[in-house]
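This report concerns only the one structure given below.
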Amino acid sequence: MKIRINQFVGLLLLSTLFISSCKLHSELPTIITEEIPVPTLESSVIQIPVEVNLQPIINFANSKTDKVIRNPEYPNFSTFEGVEGPRANYDVLIETLTGSMQGNNFNVGTTAAYGIVGDYCSEIVWGKCIHPRIPFSCGTNGEGKRKVKIGFSSKVEITSSYGLKTQTVVSEVTPIDPCKMTFLKINMTNKIMEAMRPSLNDCAKFIDEQSKSTSFKSIALDAWKELWTPIEIEGYGFLCINPNEISVSQLNGKGQTLKFNIGLRANPKFTLTKDSVLKTPALPALKTNTKSNSEFVFNMPIESNYAELTTALTKNLKDKIFQSDDGKQTILIHQISISGKGNSIIFLEMNCDLKMGIKKFKNATLYFTMKPIYDSKTQTLELHNVKLESDKKNILLQAGTELFQKTIAQKIQEFGKTDFKPILESNKKSISAQLQKQLANNAQLSGQINQLKILGVYPTENNFIIHTQAIGVLSLKMSDYSFE
């Protein structure tokens, strides 16, 4: 996140460079400290609508499905109505499966071609056929195969182990052009359809068994590792998402598109330096999510220690010379040091060379204390209780301390006031651009920041902390993926 943590400190420094007062090598003043606890930020809740193209699943089903269904005794005949009835063998050739979603039901259908060869006994005596059996055929012996529509319906769920669970039933077995032997007055179509059902039920069981071996865990694990990898914002620092929970909503879809929501709960943090000991925890079990909106609320502390701020400011201001408007006062900065003294106080120590009229001071030391206050309504930062610290041992300072104090307070408060509106507005666009990302397994992440704001600033004894909140939307599309 491109929020310049040290911007207000930079403005503070620039505002003090034209002041003709200095504390010449005075001892470090004693400041009473009482650390004020930093409020705890609520966990971030991120809802990500996911769209999944079903074609890879259909392709997977086509690669695993047995394309031929035959009677169990094939190539021998099966008897359909005892000895006196017809007997026949059949084969059914299943064509390419198609699929679509309706709610949380995945409907799979195909057209199958079938043919029948059999014979029929016209008269039975004592359990035996006394006449030669009459042969018949349909969709064989040079005759085009007959067609039948076959359909399956699967209720689909995603399991806590990132797998699929289906409950599949045979939803349709409808002949398109029946096999009807009119001279025998036999309608073999219905008999074949009923004979096919046990095999189709086995297909339904096979689909459910295959679903158990289907897993999105590799996709989830890749995304989990991505989320736990610090994102470098070049020139500023590192964003760590730190997720701790993943959930999924009920599946819903229409046509070739499956939709559901992934929920993330996280405790993100922004730091100026990369955490070298950060370890990715194990992928947690998938929880059930009842929400369906796409909005996320991203609460994040931006943390920097004072050594990092000191290094950044010294790099920018070391050996820089500034002077007052009339040119009578100049200051050459050698070193700047920032520290927290508790009780929300910032302590600034500056080593410099000063020229005040005809007087010059080498390696003079200035000490300042101040308290930053952020107004969330106006989105502005102001510096309150600005003080030039003095042990009052220096006669020059004893005479001018009151005047110096008024001048310093006025200048610092004037120049130290920072309007964060344009900064936040600019960063909304920058962060939104970061959310356009190609993830592993051809998953495309898209997002938009609608609101970015600072909740508060907290200078503690060890770190300077800015609490931020981003509100926006995210989406994830999976169009071409593979299974484990």
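Rule-based calculations on the coordinates, nothing more; no lab input. It should be emphasised that the depicted structure is a prediction, and the values quoted were computed from it without experimental measurement. Every residue, glycine as well, gets a Cβ built from its backbone with ideal geometry; the counts of neighbours run over all protein chains shown.
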### Message
Using C-alpha positions alone, give me the convex hull volume of the range 55-212 per residue in cubic angstrom.
### Response
124 Å³
#### Entry: Net charge, THR310 excluded, C-beta distance under 13 Å - Lys, Arg +1, Asp, Glu -1
0
### Query
To the nearest Å, what is the center-to-center distance of the range 256-272 and the range 301-355, using C-alpha atoms only?
40 Å
### Message
Among 342-350, 422-430, how do they line up by average Cβ neighbours within 10 Å per residue, starting with the highest?
### Response
342-350, 422-430
### Query
Got a sec? Which residues in the range 442-484 would a label at ASN316 touch, if it sits 7 Å along Cα→Cβ and we count backbone N under 17 Å?
464-466
### Message
For ILE302, what residues show an amide H to amide H distance below 5 Å, using hydrogens built from the backbone and excluding near sequence neighbours?
### Response
PHE270, ILE466, HIS467, THR468
### Query
Where nothing but the Cβ of Lys and Arg (+1) and of Asp and Glu (-1) is charged, how large is the charge dipole of the range 55-212 around its Cα centre, in debye to the nearest 20?
120 debye
### Task
Taking the Cβ of PRO284 as the centre, find all other residues whose Cβ is under 13 Å away and add up their charges (Lys, Arg: +1; Asp, Glu: -1).
+2
### Query
Once you list every other residue whose beta carbon is under 11 Å from the beta carbon of ILE246, what net charge do they have if Lys and Arg are +1 and Asp and Glu are -1?
+1
## Note on the structure
Listed with the fewest Cβ neighbours within 10 Å leading, LYS318, LYS165, LYS269 appear as LYS318, LYS165, LYS269
